[in-house]
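This report concerns only the one structure given below.
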Amino acid sequence: MTVKKALIVLLLITVASFLPAISADFVNWDDDAHIMKNPLVQNFSFSRIPNIFLKANSANSTYIPLTTLTWGIEYSLFGKNPLVFHLTNLFLHLGVVCLVFVLAGRFGLGVWGAFAAALIFAVHPSRVENVAWVTARKDLLYGFFYLLAIWAYLRYLEYFDRDGKSVTPAGRKQVVCYLTALAFGLLSILAKPMALSLPWILLLVDWMKRRKFNSTMFFDKIPFLFVILPIAWITYEQNSREIVLNFPDGFLVWFWSAAFYIRKFIWPGAMSPVYALPEPVEIANPAYWQALVILALTGFILWRKSSNRWLIFAFAFYFLTSFFLWRFDWRDISVVADRFLYIPGFAACLALGRLVEYFLDKKEKFRRLAIGAFLAVVAACAVGTFTYTFAWRDGFALWNSVAEYSPDLAFAYNNRGALYVTKENKSAAMRDFNKAIEIASRSRVIKNGKALLPAKAASQYASAHFNIGLMYAKDKDYEEALKRFNLAIYYDVEKAEYYNNRGATLMKFDRKPEALSDYNAALAVEPDFYEARINRGLFYYKNGQKDDALADFLKAVKIDSTLADGYLQAGRIYFERDELTQALKMFEAVIKEEPDHAQALYNIGMIQLKMGDKEKAQQSFSQAQVKWLKDPEKYVLPGLNPSDAKLWAERVGK
């Protein structure tokens, strides 16, 4: 088979396997936070690109500016069209698959071996999460540039002789290849912090390519460390937390995490977007001693086949690209995920390609057996991938899939309930939230006469009550909403949004000291919580504490310069103080972020009128009226309605 035919067949099979993903929708699991509610995406323009690179993504405090940039470009051109986002994911995956094929050849595999390696990589069911979930774009993008960096580095190695010295006639080309690898490495880490493994993976590539051991081998990794590690540190610093090592429980979780990916690669079995940690965490639980058996068998095979470079390369690549993801703690709902196997499984696919080549070189009967076995594996993977992709077609399919795989996972019902809320199906939402409460309550224990819940159960119990509280607050049943918010905070004291919403609800009862206490608590938990800053600022403003209010509004502007509320409220205070220049700056900043903001345009007109510039004021008022007519319900302006021309004319004449 020729290279061209191999690539065509490879791409056709891949597209067919992931076809359902193209028609999928966004899901309410990080897609909303990363895209629909992300001001860096929603308010994207090319002039704001520096903002994307200057701050971590607000969804989970992860520094992924290159990925956010792709979402911003798509959103600015195509809006909320999920087809475009899913097509981009699919095209990126196809690009990665082509790179796997090319790299397999660079590592010494023939066309058939490279085809087998790339095909297994392409249609393995663990890839579904990466391709069908828009949020997982970061894995595809980092993987694409990660493999490009390895490709460029392999080109760089071609200019060394057997003694490990550079071939002087090719010095300039060698430098270009090296710098290209470094540039691709930079792009990879800007897409996702998992690329931090690249420097030591390049050392592994040196070993696999039998590069002569010398000081240059280590020195040429130093620039990669200087480029990659500081960027990875941004995310680590944002998400670092104290790890409490409980022996032996913490190590059991670590071993289980390590074995999970080995098992999933060899035997994908039933797939799920969320894999709950097996409870209880103890050696008597079959899940944990099975994990230890898997790791023991893996170690035994590596020991017996220590001379097999492909096998060692496959496991070392897996270990070096994923060991920092294996968890000692289990505070999160899921400590493992299919998407984390995307690049770590690369070398294992190459090793399988080499195995296919090995059998193809044998006698006819072995060759037929090898081809039959390979086709059966590929068919099973492709069918499994095609089928599992439907679980990602929308939020309901996603959470139905999770609930089916883990029927006792409150997290699934909380998220499905939240989705029902957006669809105005209150009865279904309440049913799911109550189901989450019932599941979480099963973990309740009595200690010193008090009913207590373990951390994860308490978090979901609190989340369900909070979600119900939001429903009551929306229906203006503030008394019942307050009861639910109280329960949420009782069981989870570390959620800033719980305090913020309870504070807003307490204000409905004019319980000002308690409301202020909650706003303070929200900001103590999360100092950069924009909404809490605005709410506390409004509290101070209504209470006559305008200096404190202005401080909060200006802080909100620093937290997120793409949102209008902070500028708008600060501008109002400056206007009342007759500090017109400062007020004008604030309202103009609103227009910069939201050109159609009628209220800001109106306020600018009022400032211009006060400055004596009636002509400019007329223009601003006219623009405000036009913008307001587009969305009459969005703004409230004193004594005006958008269609009353007489009142607007009188406004200018004052």
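The values are calculated or read from the model by the stated rules, or taken from the named source; none is laboratory data. Since the model is a prediction, treat every value here as computed from it, not as a measurement. Quick reminder, even Gly has a Cβ in these numbers, built from the backbone with ideal geometry, and neighbours come from all protein chains shown. These accessible areas exclude ligands, DNA and RNA; they are computed on the full protein's heavy atoms, side chains included. Shrake-Rupley method; radii C 1.70, N 1.55, O 1.52, S 1.80 Å.
Computed quantities for the displayed model
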item	result
Arg48-Lys5 pseudo-label distance in nm [points 7 Å out on the Cα-to-Cβ vector]	5.2
In Hz, Karplus ³J(HN,Hα) per residue of segment 287-298 (6.51, -1.76, 1.60; θ = phi - 60°; x = Gly, Pro)	4, 7, 6, 5, 4, 5, 5, 4, 5, 5, 5, 4
Cα gyration tensor shape for segment 71-223, rounded if a/c is under 1.5, else prolate or oblate	prolate
Pair Asn520, Ile266: separation of 7 Å Cα→Cβ label points (nm)	5.8
Tail weight of P(r) past 24 Å, computed on alpha-carbon pairs of segment 368-517, percent	47
Built amide H within the under 5 Å cut-off of Thr62, gap 5+	Asn57
Listed pairs Lys37/Lys610; Lys423/Lys558; Lys80/Lys423; Lys558/Lys585; Lys495/Lys555; Lys80/Lys192 exceeding 25 Å between Cα atoms	Lys37/Lys610; Lys423/Lys558
Calculated FRET value between Arg211 and Ser441, using beta carbons and R₀ = 60 Å, to 0.05	0.50
Theoretical gain in end-to-end length, Val84 to Ala376 [0.36 nm per residue, Cα-Cα removed]	101.8 nm
Order of exposure, largest accessible area first, which applies to Met430, Met217 with probe 1.4 Å	Met430, Met217
For segment 474-487, 3J(HN,Hα) per residue [Karplus equation, 6.51 cos²θ - 1.76 cosθ + 1.60, θ = phi - 60°, Hz, x = Gly/Pro]	5, 8, 6, 8, 5, 5, 5, 4, 4, 4, 5, 5, 4, 5
Selected from Tyr236, Met430, Ala549, residue furthest toward positive end of dipole (the chain; charges at beta carbon)	Tyr236
Unit Cα scatterers, Debye sum, segment 534-575: log10 I(q)/I(0) for q = 0.13, 0.20, 0.21, 0.26 Å⁻¹	-0.20, -0.47, -0.52, -0.78
Virtual spin-label span in nm between Thr581 and Ile73, 7 Å along Cα→Cβ	4.1
The chain, helix-only ellipticity at 222 nm - DSSP H runs n ≥ 4, -39,500 (n - 2.57), divided by all residues, nearest 500	-22000 deg cm²/dmol
Estimated FRET transfer efficiency (Lys542, Asn434; beta-carbon r; R0 45 Å; 0.05)	0.80
In degrees, nearest ten, helix 546-559 long axis to first principal axis of the chain (Cα)	20
Rounded to the nearest 20 debye, dipole of segment 301-393 from Cβ charges on Lys, Arg, Asp, Glu	360
Viscosity 1.306 mPa s, temperature 10 °C, Stokes-Einstein D of segment 7-127 from Kirkwood C-alpha radius, µm²/s	99
Compactness of segment 437-569, expressed as Rg and Dmax over alpha-carbon positions, Å	16.4, 51
Value of Rg/Rh across segment 31-91 [Cα atoms, Kirkwood radius]	0.94
Residue-level accessible surface for Arg155, protein heavy atoms, 1.4 Å, Å²	70
Average projected area [Cα convex hull, the chain], square nanometres	35.8
Using alpha-carbon coordinates, inclination of helix 346-360 to the longest axis of the chain, degrees	30
Cα-centred dipole magnitude for the chain, charges only on beta-carbon of K, R (+1) and D, E (-1), debye, nearest 20	2020
Contact order relative to length of the chain, as percent, for alpha carbon pairs under 8 angstrom and 6 or more apart	11
Accessible surface, per residue, of the chain when the full set of protein chains is kept, probe 1.4 Å, Å²	47
Extension gain, Asn285 back to Lys512 (0.36 nm per residue minus Cα-Cα distance, nm)	76.6 nm
Over segment 490-593, relative contact order from alpha-carbon pairs under 8 Å, at least 6 apart, %	17
Cα gyration tensor shape of segment 482-559, rounded if a/c is under 1.5, else prolate or oblate by comparing a/b with b/c	oblate
Per-pair calculated FRET efficiency, R0 = 51 Å: Lys362 and Val293 via Cβ, rounded to 0.05	0.95
Cα gyration tensor shape of segment 463-515, rounded if a/c is under 1.5, else prolate or oblate by comparing a/b with b/c	oblate
Within the accessible area of segment 73-145 (1.4 Å probe), percent carbon and sulfur	74
Ranking by accessible area, most exposed first, for Thr422, Thr505, Thr216 with a 1.4 Å probe	Thr422, Thr216, Thr505
List Trp267, Trp151, ordered by accessible area with a 1.4 Å probe, largest first	Trp267, Trp151
Student exercise, segment 423-534 dipole from Lys, Arg, Asp, Glu Cβ charges, in Debye to nearest 20	440
